[in-house]
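Read the structure below first, then the notes.
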Amino acid sequence: MFKENIKMSWMNLIHNKMRSFLTMLGIVIGVASIIALITIVKGAMTGMTSEFSSFGADKITVQATGTPLKQGLMASDIKRLSEIDNVAGVSPTLTGKTTVVYNGSEKTDVFVQGKNDVYFSKTDDLIETGRGLNILDIENKNKVCLIGSNIANDLFWGEDPIGKKLRIAGVTYTVIGTLQETGSFSDASNNDAVIIPYTTSMSLLGTGYISSVDVYMSDANKSEKITSDIESVLNQAFNYKNGSFTVINMQDMLASMNKITTMLSLMLGGIASISLVVGGIGIMNMMLVSVTERTTEIGLRKALGAEPKRIQQQFLLEAVFLSLFGGTIGFLLGTLIAFAVCWLIGATFALSVSTVILALGFSAAIGIIFGIAPARKASRLNPIDALRSV
């Protein structure tokens, strides 16, 4: 009997193709909206999260503004930070702008970055040719440098820059390496940068203090404890002066980004779900009309001994079919739209299983919820009253 109800439900929908299609349209639009909006948002946010991760999800950045008595961090403070538990290394950064000269060719407004060996050991895909800074370069304040791709192209066109001498702010340095060209947001400045030992850059830039430090963690899961220990060291360094430093934990930023992604997905999914509710109302309206049109059929079936639950089952199956078919079409349409938009904006296309289950599950639920009332109405018709319309 159940198979017969399925067959009859299917045949009734086929018999009224246009009406069935128009009824499904609300479900199609609703499911397509949910799939497309949530997938596009997640793809865009995934790209943003990866950009934040490129800054280093395993590091904590310290910006020291200092106090009137102590304007930044010193070597002793760096040493104390490196001794904190679960800290894999500390990389100070000093920055400034200067002029670089090679064989009479000059390049102005070049970024000079003072780094140490930890920066090169903890940063992947940084060096194109040559080598990075090592501990001896730092301790001996060697006059060595690594140059960005733009500087290598502008000053050393057709030459191998490794081993060549160039002048940075009037001081001669030996080129020991070149940096990979990159278009990522985090390392874009390296294309026009010169990296030298931070111990050397302090005299070149005329400063005795370090204002920026990257603390690399050996266990990112313990970032909260490490952050607390860093703040303790810095409070002692600046005599507990408020506003003397800022600690930026990339793990916290990534967690915030994930929360924003979840909130946006839920909000957009809720808005798109309104279309599903409207589609459900359309299904209920069509089914009520169908009950009215098929009053004679229902009366004859009841007169021949059909149980009310069988009639209710048939009409409920029709509503569920409409929802599921509409949900399937909406899923395919939403996936296509999401893929096209992600491709156009350069976002990552990632269709999650939870999104598919949410959209299709909700559409099926809509069919059941809004199909119950017409199905119950059909099952409760009095056979005698129904047959009067014959």
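Overview of values
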{"read-out": "Test: Leu351 is at pLDDT 75 or above and not in a helix (DSSP H, G or I)", "value": "yes"}
{"read-out": "Near pairs, Cβ below 9 angstrom, 6+ apart or cross-chain, from the range 213-238 (more than 21 Å from Thr67 (Cα to Cα) and free of Cβ contacts under 8 Å to residues at least 60 places away in the same chain) to any residue that is among the charged types (D, E, K, R) and part of a helix (DSSP H, G or I)", "value": "Glu224/Asp252"}
{"read-out": "Some residue of the range 184-191 being in contact with a Lys or Arg (Cβ under 7 Å, 6 or more places away or on another chain), closer than 27 Å to Ile138 by Cα, crowded, with 18+ Cβ neighbours inside 10 Å and among the charged types (D, E, K, R)", "value": "no"}
{"read-out": "Some residue of the range 197-205 being hydrophobic (A, V, I, L, M, F, W, C), outside any helix (DSSP H, G or I), under 19 Å from Gly96 (Cα atoms) and in contact (Cβ under 8 Å) with a residue 12 or more places away in the chain", "value": "yes"}
{"read-out": "Only one of Met253, Met284, Met263 that is touching a Pro at 6+ places or on another chain (Cβ under 8 Å) and either part of a helix (DSSP H, G or I) or within 25 Å of Lys59 (Cβ to Cβ) (or both)", "value": "Met284"}
{"read-out": "Residue list for the range 163-182, restricted to those being part of a loop (DSSP other than H, G, I, E, B) and under 17 Å from Asp192 (Cα atoms)", "value": "Ala169, Gln180, Glu181, Thr182"}
{"read-out": "In the range 112-143, the residues that are β-branched (Val, Ile, Thr) and either out of contact with any strand residue (DSSP E or B) (no Cβ under 8 Å at 6 or more places or on another chain) or at pLDDT 95 or above (or both)", "value": "Thr123, Ile135"}
{"read-out": "Candidate set: the range 99-108, residues that are open to solvent by 20 Å² or more (accessible area, probe 1.4 Å) and touching a residue at least 60 places away in the same chain (Cβ under 8 Å); chosen: the one nearest to Lys225 (Cα to Cα)", "value": "Thr99"}
{"read-out": "Contacts under 6 angstrom Cβ, first residue in the range 351-365 being over 13 Å from Leu37 (Cα atoms), partner open to solvent by less than 60 Å² (accessible area, probe 1.4 Å) and assigned to a helix (DSSP H, G or I), 6 or more apart", "value": "Leu360/Gly327; Phe362/Leu276; Ser363/Ile27; Ser363/Val31; Ser363/Ser323; Ser363/Gly327; Ala364/Ser323"}
{"read-out": "Conditions (1) open to solvent by 10 Å² or more (accessible area, probe 1.4 Å); (2) under 23 Å from Leu268 (Cβ atoms); (3) modelled with pLDDT under 75: number failed by Gly279", "value": "(1)"}
{"read-out": "Residue list for the range 125-147, restricted to those being of a type in the set (S, T, N, Q) and more than 16 Å from Thr200 (Cβ to Cβ)", "value": "Thr129"}
{"read-out": "Helices (runs of 4 or more DSSP H) within the range 1-106 that include 3 or more residues modelled with pLDDT under 75", "value": "2-15, 17-54"}
{"read-out": "Residue list for the range 336-348, filter: part of a helix (DSSP H, G or I) and either in contact with a His (Cβ under 8 Å, 6 or more places away or on another chain) or open to solvent by 50 Å² or more (accessible area, probe 1.4 Å) (or both)", "value": "Leu336, Ile337, Phe339, Trp343, Leu344, Ile345"}
{"read-out": "Lone unmet requirement of (1) open to solvent by 10 Å² or more (accessible area, probe 1.4 Å); (2) within 21 Å of Met74 (Cα to Cα); (3) of a type outside the set (Phe, Trp, Tyr) for Leu234", "value": "(1)"}
{"read-out": "Residues of the range 111-162 classified as open to solvent by 50 Å² or more (accessible area, probe 1.4 Å), in a helix (DSSP H, G or I) and charged (D, E, K, R), total", "value": "3"}
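Okay, residues lined up against (1) surrounded by 13 or more Cβ atoms within 10 Å (Cβ to Cβ); (2) closer than 20 Å to Ile27 by Cα; (3) modelled with pLDDT of 70 or more:
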| position | (1), (2), (3) |
| --- | --- |
| Phe245 | yes, no, yes |
| Lys259 | no, no, yes |
| Asn285 | yes, yes, yes |
| Glu293 | no, no, no |
| Lys302 | yes, no, no |
| Leu316 | yes, yes, yes |
| Gly327 | yes, yes, yes |
| Gly334 | yes, yes, yes |
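The values are calculated or read from the model by the stated rules, or taken from the named source; none is laboratory data. Being a predicted model, the structure only gives us computed values, none of them experimental. Neighbour counts run over all protein chains shown; Cβ positions are idealised from the backbone, glycine included. Remember, those area values only see protein heavy atoms, side chains included, never the ligands or the DNA or RNA. Shrake-Rupley method; radii C 1.70, N 1.55, O 1.52, S 1.80 Å.
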